[in-house]
Amino acid sequence: MSVRVVVADDQALVRTGLCGIVATASDLRVVGQAATGAEAVEVTGRTRPDVVLMDIRMPEMDGIEATRRITAAGQAQVIMLTTFDLDEYVYEALRGGASGFLLKDAPPLELLTAIRVVAAGEALLAPSVTRRLISDFAARPGIHPGSAGAAPDGVTERERQVLLLIAQGLSNAEIAQRLHIGEGTAKTHVRRLLTKLDARDRVHLVIFAYRSGLVPPDRAPAEPGPRGQWR
């Protein structure tokens, strides 16, 4: 089945461009468009998409508030799009329940990959945003990193390996391939990590991995590989 997408942006040319990019993928389909945050909430409730591409700055209701309402109702996953690489937007988007955060100058292939990843129930951030997020958390007072490479309390060795790969930006399928296990098994390990570490999603697992000292801050995710995957 196709991944259903709603595109929300107050600039008509940007919406048209995003819809055009989505249309190039046979497994993705635009089912609605919105020019304001209020419209995004209404269109999402009516069309029930899998993913919403949400601009942050829109009239009537901004994208962050629209995201809060959409995710609180469990209607769709949201990827925030912005031209501004500013920390306050990242934090507000995450607190609002966004599953992804990309800059509008991201290559088309990167955008399509993001939609698929988020539709599959995973979460991601643009590599540049992830690095800044990690650096900020690592610099905050009161953070007491554990021994580098040591598994957090209650986490098995295999779960530690999975957490390390999540922190590198690998998807469930890539984790399964790297560890020579089934993708279903990889998903099970991720679910257990979310429960044990009281994390809302994969983004918070990444933050935990760096805050706990499991991964040094200088090993933040690299730029996307040649096929748009984060390494």
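All of the numbers you see were taken from the coordinates with simple rules; none came from a lab. Because the structure is a prediction, the values reported are computed rather than measured. Cβ: placed from backbone, ideal geometry, glycine included. Neighbour counts: every protein chain shown.
The fraction of all Cα pairs in region 33-124 landing in successive 5 Å bins from 0 to the largest distance is 3, 16, 28, 27, 20, 6, 0, given as whole percents.
Using the Cβ-Cβ distance between residue 200 and residue 61 with R0 set to 22 Å, the FRET efficiency from 1/(1 + (r/R0)^6) comes to roughly 0.45. If you stretched the chain out fully between residue 179 and residue 13, how much longer would it get, using 0.36 nm times the residue separation minus the C-alpha to C-alpha distance? Working it through step by step, the gained length comes to 55.4 nm.
Taking label positions 7 Å along the Cα-Cβ direction at both residue 2 and residue 104, the computed distance is 2.5 nm, reported to one decimal. About its Cα centre, the dipole of region 26-123 is roughly 380 debye, where the only charges are +1 on Lys and Arg Cβ and -1 on Asp and Glu Cβ. Extension gain for the segment residue 24 to residue 42, taken as residue separation times 0.36 nm less the Cα-Cα distance, is 3.9 nm to one decimal.
Under the simplified labelling scheme, the residue 156-residue 191 pair shows an inter-label distance of 1.4 nm, with each label point 7 Å from Cα along Cα→Cβ.
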